[in-house]
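Accompanying notes for the structure given below.
The values are calculated or read from the model by the stated rules, or taken from the named source; none is laboratory data. None of the values given here were measured: they were computed from a predicted structure. Please note: Cβ atoms are built from the backbone with ideal geometry, for glycine as well, and neighbour counts cover all protein chains shown. Just so you know, the surface numbers come from the protein's heavy atoms only, side chains and all, with ligands and any DNA or RNA stripped out. Shrake-Rupley method; radii C 1.70, N 1.55, O 1.52, S 1.80 Å.
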Amino acid sequence: PPKGELPPGQETAAQLLSGFFLNNIYAKLFRRSILEEYHIRFMETIAYAEDTLFVVEFFPHARKIWGENSSDYVYKKYGVGTSLSTSFSVKKFRDGMEANQRIENIFKQAYPSLSIDDLMAPRYFFLYEAHILACALYGGSLSREERISFLREIFQDPRFLSLWKQRNRYSSQPRPVR
């Protein structure tokens, strides 16, 4: 992660977006005047990646950004229903897709010359991969037919198909062959 004062703009945007630094709201300070001037609010209709979307909406208006390369904050959550795998829902997937699309649009508008498709690809791939696994393994409250329908929808999505062809670029770790 970046360290020290970062110049606002396209290069920092690319660094932050590719490093998943924007994923959360904690450990960040936001100037209230910017929130009010640009009407930046949490999107209350989504419940997955809403904090990332908030940070991304704020970022292009920031005059100063500071990065610190340390782990001063550790977030742990335990118990049933606290992870994607045990609280899977189609709504979370759709919320994540909506947030990603909004993030993509914000960055395209703020930084038109930035190659946003390459920077967003790992975010989309993670979203697809995590939800495919969660649906297949846990399924939440979905019936077998609903799970099959959801998975079919993903597997027929042109964006997913394109990312899947390039999956080695976006996978976090190589998978052993058995």
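List, in the order given, every pair from Lys108/Lys165; Lys28/Lys165; Lys64/Lys91; Lys92/Lys165 whose Cα-Cα distance in the structure shown is over 29 Å.
From Lys108/Lys165; Lys28/Lys165; Lys64/Lys91; Lys92/Lys165, over 29 Å: Lys28/Lys165; Lys64/Lys91.
Express in Å², to the nearest 10, the accessible area of Trp164 obtained by rolling a 1.4 Å probe over the protein heavy atoms while all chains stay in place.
Roughly 120 Å² of Trp164 is accessible to a 1.4 Å probe.
Skipping prolines and chain starts, which residues have an amide H placed within reach, meaning under 5 Å, of the one on Ile65, given they are 5 or more residues away or on another chain?
For Ile65, the qualifying residues are Leu6.
What order do you get for 140-146, 116-122, 54-60 when each peptide is scored by the mean count of other beta carbon atoms within 10 Å, highest first?
54-60, 116-122, 140-146
At 1.4 Å probe size, put Ser113, Ser33 in order of accessible surface, largest to smallest.
Ser113, Ser33
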